[in-house]
Structure formats: structure tokens, C-alpha cells
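A quick write-up on the structure given underneath.
The values are calculated or read from the model by the stated rules, or taken from the named source; none is laboratory data. If you're wondering where the values come from, they're calculated on a predicted model, not measured in any experiment. With ideal geometry, Cβ positions are generated from the backbone for all residues, glycine too; neighbour counts draw on all protein chains shown. These accessible areas exclude ligands, DNA and RNA; they are computed on the full protein's heavy atoms, side chains included. Shrake-Rupley method; radii C 1.70, N 1.55, O 1.52, S 1.80 Å.
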Amino acid sequence: MAIKGASRAASRRADGNSRGTNQLGVRLYNERLVLSLIRRHGALPKADIARRTGLSPQTISIITNALEADGLLHRQAPLRGKVGQPLVPYALNPEGALSFGLKVGRRSVDLHLINFTGETLHLLTEVYPFPRPDGIRRFANEGIATLTARLTPDQASRLSGLGIAAPYEMWTWHEEIGAPQSEIDAWRSVDIRADLAANHSFPVYFANDITAACAAELMFGKGAAYPDFLYVFIGSFIGGGLVLDGHLFPGRSRNAAALGSMPARKIDRPPGSTPPQLMNVASIYVLERRLRALGRNPDVLWQAPDTWTDDLGPVLNEWIDEVAEAIAYAVVAAVAVVDVETVVLDGAFPPGVRTRIIEQTRKAIAGVNRQGLSPFELIEGSIGNAARALGGAALPLLANYTQDREVLFKENV
């Protein structure tokens, strides 16, 4: 009887994953290479995999047979009509591995259970005034128990872990979050990853929420088509991620592309005041405050993030214009440093709002002096509000089944 994919990966994790350290390490590296290749390009026959990897046909045959036995790959219908034996493509098996993703946001928490190809099987969500550690622990533990109970024994054996997507150092954002200082200070002494890991048998991973959203776009969205891109996500706070050579680039402190902390161009600030950061101009919490100042209930922004354009009126138009202007200068500055040819923009809002922001930002970029820079393209992301939670759920898959493990998870398990 074949060992299931998630269990097999977990049993081998302690044996070392480094490339070239031993025979097992080489095998694991090559398996991850094949899985990453198929995830990026779609179903491939063995001959194409051998050509793209430079490995021998015999080695590829051994690897694909092992991955098929583990349930991570499955054969598709043969491709006929060519000279010689028909080619048999191998594709990712959606049921090959499952994972949980927990998104901790300023106004809501989401728990996703996804399969190996990123399809959401179950979703739980809860809205709150601000995040409390005890409330997040309760929601996560109860939600995981509820969703696990819905799985068959075979599915449960394929759980590869939980990924948490949350802002770093949440206690530093008490004013923007709108929580009392005493409440938000509770996060200073909390290690939510360790707390949840103590209650579950599977591994638990943690990443900045926008880095996680970038991972979701890379694995399940348009990102696979772009080897290098800057990722911009507008949520309660705006943030960013960076992909280089097809891999997430977390940076020295796992905080690369922290666009929210970039200085913002805002001419009409009071004399002597501290210049704003991009997050103070191009975040949804700014729109929330403006609605509240007009005496309107902003809860629709968090309770219905896919449909909240209804009747927001001029305040939405003004916010979009300011967001576009601020992002235009930020991405031009970022491209001057990292020299990517693609910028992907997404956010926790309806697709129509995303399209309007993209259009306005393109116009604003056209007015920025880009002399000396190579051209770049601004495109729409493909996941939307779910990107952070899906990105959290992607973390166990990245850790166990892709080449990004050594980059992202050296000290995170």
C-alpha cells in the first residue's frame, strides 16, 4: 500500500531536504522540481519533463512513478496522432494534499481548507471590531475541528498543515486598527503559530499576510506566467510581495516589498507634520474612516468585500483616484530598484473596483517621469479578497512540495 503524499512528506522532513547533501536529499529536490514544473506549466509528459529539467528519461520515469504512487500526480489521457508511442501527460492530483489557511485581518478572520491545486473545499469566516489573540485561537481551533470532521479518513491522512497569514507586529498598528492600546498590546507576547501548533499534530507555518497573498497568486493565479513580478495587495493595509526567477523572495527579514511602509507622495499635508506612508493613503481603512466621517456604516467593506461598490458614491471615486496616484509613484520607485517587467495588483474589493484602480493607476504612471527605466506592465491579480487566506493555505504546500522550502521555511517549522 502506497504511503499518502502528505504523510510521506512529513515522514521524510526530518531526514533533510538540502540539495546534494545525500541521496535522499537529491531525490527530494528532484521530486520538488518535477512538481513545481507541472504546477507552473500544467500537465506534461515524461519526455517534456526530462527535456525541461535536464534529467535522464529513466530518472524522470522513477520520479513520476513514485509521485503517482503517492497520489500527488495522476495520468491523463494519452496524446495520440503523433509518430511513435502516444505521450501520456502527468498532472497534479487535486486530492494529493490538503491544507488549512488562516487569514488574520484587521476586521475579519478566515479559515480555508484547500486541495493541492488551490480549490477551496470549505470556508469559515468571522467579523470583529479588531483581532484578539484569544478569539483567533478559539476560531482557528474550533474551525479546524469542524472542517476535519467533514473529511474522509483518506483525506485527513493527506493534510499537510496549517498556514497562518497575518500582519507582522500587529501591536504597532493600534491607531490604524482602531483598537484600544491595551487590547492590541496583547499581541506583543503572543506567538500564534506556536499556540496553534501545540494543539495540532500537523506542522504550522507563518508568513506576513501579503507575502502569503503573493504566494497564492504565484501558485494558483496568473503569477505562474511571470517569472519576475512585484505584487501589490490593497487590504485593510496595502502591502506587497516580490517574485524573482519564479520563486518568492522574502528578503533578509522576510519582509521584502513592504510597500505599505514606503513614503507616500501627498502634497497637501499640514506644515511640520510627518510625511505619510503609502499605507496611510492607499489602504481600505482610509475609505472606512471617510465613510464613518460621513455618518455611514462602513461594515459592508468587511462583510461583503466582493460586492461593496453599491451606493458608495463620490467617496469611493475620490479614494480610487488617490490610491492610483499614490501607487503609481510607489511602483515606479520599486521598479527602479528591482527591475521587474510586471506588476500585479489585487485587493480585498470587488473586481470592478480592482479594474478601476488598475485603469487609473496606468494613467497616473503615464504621468510619472520614468526616464532610464525599462518598460513594465501593470496587470490585474486573479484571486481578490481570498488571496491572503489562500496564501496561508499555500504555505504548507510550498514547504512540502515546491522548491521554495529552503528560501521560506528555514526557521519556521
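Compared with the dominant Cα axis of the chain, that is its longest principal axis, helix 314-338 is turned about 60°. Residues whose amide H comes within less than 5 Å of that of GLN277, counting only those at least five positions distant or on another chain, are ALA264 (H built at 1.01 Å from N in the peptide plane). Highest mean first, the peptides 210-216, 240-246, 288-294 sorted by other C-beta atoms within 10 Å per residue fall in the order 210-216, 240-246, 288-294. A straight chain from GLN58 to VAL88 at 0.36 nm per residue would run longer than the Cα-Cα distance by 9.3 nm. On the stretch 44-111, 55 percent of the accessible area sits on carbon and sulfur atoms, based on a 1.4 Å probe. Scanning residues 5 or more positions from SER108 or on other chains, those with amide H under 5 Å from its amide H are TYR128, with H placed 1.01 Å from N in the peptide plane. The angle between the Cα long axis of helix 209-220 and the main principal axis of the chain comes to about 40°, on a 0 to 90 degree scale.
In the chain, helices alone account for a calculated mean residue ellipticity at 222 nm of -12000 deg cm²/dmol, with every DSSP H run of four or more residues adding -39,500 (n - 2.57).
Entry comment: accessible area of the chain is 44 Å² per residue, from protein heavy atoms only and a probe of 1.4 Å.
3J(HN,Hα) along the stretch 390-396: 5, x, x, 5, 6, 4, x Hz, from the Karplus curve 6.51 cos²θ - 1.76 cosθ + 1.60 with θ = phi - 60°, whole Hz, x for Gly and Pro. For the chain, DSSP calls about 60 percent of its internal beta bridges antiparallel.
Taking the accessible area of the stretch 278-413, probe 1.4 Å, and keeping the other protein chains in place, the carbon and sulfur fraction comes to 46%. Simple spin-label estimate for VAL338 and SER157 gives 4.1 nm between the two label positions (7 Å along the Cα-to-Cβ direction from each Cα). Length gained on full extension, GLN371 to THR309, computed as 0.36 nm times the residue gap minus the Cα-Cα distance: 18.7 nm. Helix 133-148 axis versus longest C-alpha principal axis of the chain: approximately 40°, rounded to the nearest ten. Farthest towards the positive end of the charge dipole of the chain, among the residues SER261, TYR231, SER157, is the Cα of SER157, using unit charges on the Cβ of Lys, Arg, Asp and Glu. Distance between the pseudo-spin-label points of ASP195 and GLU68 (7 Å out from Cα toward the beta carbon): 4.7 nm.
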